[in-house]
Amino acid sequence: MELRLLLLQGLKDAWWAAPLQLLGWVGALTALLAMTAWPWLRPGSPHPLAFRGVLMAFIVWTRLPALLLPLQNPDEGQFAAAAQRLLDDPVFWRSVDTGSSGPLNVLPLLAPALFGFSPELASSRLMGLLMAAAAVALLHAAIGRLWGERLARLAILPVACSFAFMEAADFVHYSSEHVPLLLTAAMVYGLARADDATRALREGAAAAPWPAWLGVGLLAGAMPYAKLQGLPIAAVLWLSALHLAWRARSTVPLAGSAGAAVTRHAGARVAHSAGALVAGGLLPSVVVAASLWHFDIVPLFWQSYLQTNLFQYSQANLGGTTSKLGNLIRLVLMWPPVDALAVLTALCVLCLVLLAVVRRRERGSIMADPAAPPWMRYALATLAAALYAVAKPGNTFPHYVLLLVIPMGWVLAAALSLAADPANRHRRTDAGLLAAGLLAAALLPAYERLEQPYGPLALKGRYLARYRGPVEQAIRRAAPPGSTASVWGFSPHLCVESGMRQATRYGNTFWQIEPHPLQDDFIREWVADFRAARPLLFIDAMAPGMFYMRPILPALHRHEAIPAVRALIEADYELVETVRGVRIYRRLPGR
């Protein structure tokens, strides 16, 4: 079953869908604001789990209409086609190559298959939406553990609204940043749990608090197998956890003549915690290495993932300018509602620096307790790592910005905790100004959404009428749904939207087409894979009007430009139809 098609058919005559959707998210946002204000106005408040439930429902319900949209980014077609192929051969890197993304970015897309839905655009977006909502809930839980529920509810609002009101094409599709942002939020939550364990250690707890550090280590170790680009973020959070474990040793109180024994005992427990952190970080790589060795695919992993990430994607500068800083600034400031969150974060950090300088000699100024964990430093270091991860490739891909949202939310929460600290003599002014900024950053996107309240629901009839375009219809005329097909170019969505199964490892052939040091290796691998798969259809999608990273030049980009590929197609395939420049070939009988 195709979820997007079922939704469009079910909502075709539902005039009430748009008003109901609008009423739902307005009501959920109102409930969030009321639950945020409640603990500040009177004793007692709804349970944190109730708040997180409304929080997730608000994000998911607000973004649900995006499931109806047609293709928003070629990446979502590539991920869906790869997930479909993994249903036939579940060994990643042997069956699929998704470029800069690892298995953890694709495997979650198999979950809808448990309910009978094939991996496609809507089911993939739903998984990404659930990940974003879960990430916000985890961040709220972490802030609540660190600084209390009242502060957490206020601090999380702009982050929640940023995710809820993201409407740009590169934000609503399932991208390679959804799993990393979930891992980032989970690691922040793990740090908060580790802090609880550290406090218990200081108070003389008998049990070793290693599980919290093991969890953080596992999450950090898993990050490279979602997206190597997120590795700086994971590394900073892992080091923060290591520092937190080390601080526990120096804060254990001594007790008379037994002080040395207490210190040694505490040191052993800290060593156990640090060991758990290291072991957790190594475990995902051990599992991956064992899998690569067992299935004899180490060369594929090295070429398809490590070499392309470390030496190709990091230098490709696709769609960007020579100024990586300029690209980063444009990415952050051009895309609402993240721009409001970014401006607030930048102003907040600047004010904290200025206040620290101006009030450095004042007693009770806005300064952190030196005995408390340096949460602001951890948060700022994580944000700096995220900025580096986004800026390093030099690409102007808006979905990179998703890596920044959780770190920005953490920085804002840490700043609010400092501003509202009772030791701060100016807490009423500082906390009041920051709270006003948080509410403005949360409500501005909501106001902008109210100006165009219906979005995709207003166009559902058009989307249904154009569910399969002329190219997809031609592909279905050439072969029945479920047949195998290989696409030349950067249009793996043609397999997804025509109901075909991707035949080869490669959802796109960018690295086979573009000149680079590894091009010959990629061509040889593609040819060998194509011969083994023997797809029924070969589709040359390098035509004007189709997506590609650079202007399409037929003499350079069509399959005939590669002699080995041209010979393969000429020998075994015949052209059956050309639609909008896209050429559809079918394998000759008996070949």
> Would you say R466 is surrounded by fewer than 19 Cβ atoms within 10 Å (Cβ to Cβ), touching a residue at least 40 places away in the same chain (Cβ under 8 Å) and farther than 19 Å from Q72 by Cα?
Replying inline: no
> Does the range 293-317 hold any residues that are modelled with pLDDT under 80 and either exposed (fewer than 15 other Cβ atoms within 10 Å of the Cβ) or over 17 Å from M549 (Cβ atoms) (or both), and which are they?
Replying inline: L310, F311, Q315
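Looking at L41, L67, L32, can you tell me which residue is surrounded by fewer than 20 Cβ atoms within 10 Å (Cβ to Cβ) and in contact with a Leu (Cβ under 8 Å, 6 or more places away or on another chain)?
Working: L41 fails: in contact with a Leu (Cβ under 8 Å, 6 or more places away or on another chain); L32 fails: surrounded by fewer than 20 Cβ atoms within 10 Å (Cβ to Cβ).
Sole residue among the options that is surrounded by fewer than 20 Cβ atoms within 10 Å (Cβ to Cβ) and in contact with a Leu (Cβ under 8 Å, 6 or more places away or on another chain): L67.
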> Would it be correct to say that A446 is assigned by TED's automatic domain parsing to the domain that holds E120, surrounded by 14 or more Cβ atoms within 10 Å (Cβ to Cβ) and touching a residue at least 60 places away in the same chain (Cβ under 8 Å)?
Replying inline: yes
> In this structure, does L494 turn out to be under 28 Å from the mean Cα position of the chain (by Cα), assigned to a helix (DSSP H, G or I) and surrounded by fewer than 16 Cβ atoms within 10 Å (Cβ to Cβ)?
Replying inline: no
> Between a first residue in the range 110-122 that is at positive phi and a second residue that is surrounded by fewer than 16 Cβ atoms within 10 Å (Cβ to Cβ) and in a loop (DSSP other than H, G, I, E, B), which pairs have beta carbons less than 9 Å apart while being 6 or more apart in sequence or on different chains?
Replying inline: G116/M1
> Quick check: is even one residue across the range 140-148 at pLDDT below 95, of a type in the set (D, E, K, R) and within 22 Å of F397 (Cα to Cα)?
Replying inline: no
> Among (1) over 23 Å from E514 (Cβ atoms); (2) free of Cβ contacts under 8 Å to residues at least 60 places away in the same chain, which single condition is Y548 missing?
Replying inline: (1)
>> So for the range 5-21 (the condition being under 28 Å from the mean Cα position of the chain (by Cα), of a type outside the set (A, V, I, L, M) and more than 30 Å from L114 (Cβ to Cβ)), does at least one residue qualify?
In response: no
> Can you name the residue in the range 541-561 that is under 19 Å from Y585 (Cα atoms) and part of a loop (DSSP other than H, G, I, E, B) and is also nearest to the chain's Cα centre (by Cα) among such residues?
Replying inline: M546
> Just for the range 70-95: of the residues that are buried (at least 22 other Cβ atoms within 10 Å of the Cβ) and in contact with a Gly (Cβ under 7 Å, 6 or more places away or on another chain), which one is nearest to P299 (Cα to Cα)?
Replying inline: A82
> Looking at the range 461-478, which of its residues are assigned to a helix (DSSP H, G or I) and small (G, A, S)?
Replying inline: G461, A465, A474, A478
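Is at least one residue of the range 206-228 assigned by TED's automatic domain parsing to the domain that holds L64, of a type in the set (S, T, Y) and within 20 Å of the chain's Cα centre (by Cα)?
Taking the range 206-228 first, the residues assigned by TED's automatic domain parsing to the domain that holds L64 are 206-228.
Those left that are additionally of a type in the set (S, T, Y): 225.
Those still in the list that are within 20 Å of the chain's Cα centre (by Cα) too: 225.
Yes, the range 206-228 has at least one match.
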> Which of (1) crowded, with 22+ Cβ neighbours inside 10 Å; (2) at pLDDT below 90 is the odd one out, the single condition V216 does not satisfy?
Replying inline: (2)
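Give the residue, chosen from P470, P422, P480, that is farther than 28 Å from R63 by Cβ and either of a type in the set (V, I, T) or modelled with pLDDT under 90 (or both).
Numbers: P470 fails: either of a type in the set (V, I, T) or modelled with pLDDT under 90 (or both); P480 fails: either of a type in the set (V, I, T) or modelled with pLDDT under 90 (or both).
Among P470, P422, P480, only P422 is farther than 28 Å from R63 by Cβ and either of a type in the set (V, I, T) or modelled with pLDDT under 90 (or both).
Rundown of residues vs (1) modelled with pLDDT under 95; (2) closer than 27 Å to A81 by Cα; (3) among the charged types (D, E, K, R); (4) surrounded by 16 or more Cβ atoms within 10 Å (Cβ to Cβ), yes/no style:
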position	(1), (2), (3), (4)
L182	no, yes, no, yes
A194	yes, no, no, yes
S257	yes, no, no, no
A268	yes, no, no, no
> Among the residues of the range 180-191, is any assigned to a helix (DSSP H, G or I) and of a type in the set (F, W, Y)?
Replying inline: yes
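Across the range 229-249, which residue is modelled with the highest pLDDT among those that are under 16 Å from the mean Cα position of the chain (by Cα), buried (at least 22 other Cβ atoms within 10 Å of the Cβ) and not small (G, A, S)?
Per the stated criteria, the residue is I233.
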> Which members of the range 329-345 meet the condition of being within 22 Å of N395 (Cα to Cα) and either part of a helix (DSSP H, G or I) or outside the structural domain of V405 (by TED's automatic domain parsing) (or both)?
Replying inline: I329, R330, L331, V332, L333, V338, D339, A340, L341, A342, V343
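The values are calculated or read from the model by the stated rules, or taken from the named source; none is laboratory data. Please read all numbers here as calculations on a predicted model, not as lab measurements. Please note: Cβ atoms are built from the backbone with ideal geometry, for glycine as well, and neighbour counts cover all protein chains shown.
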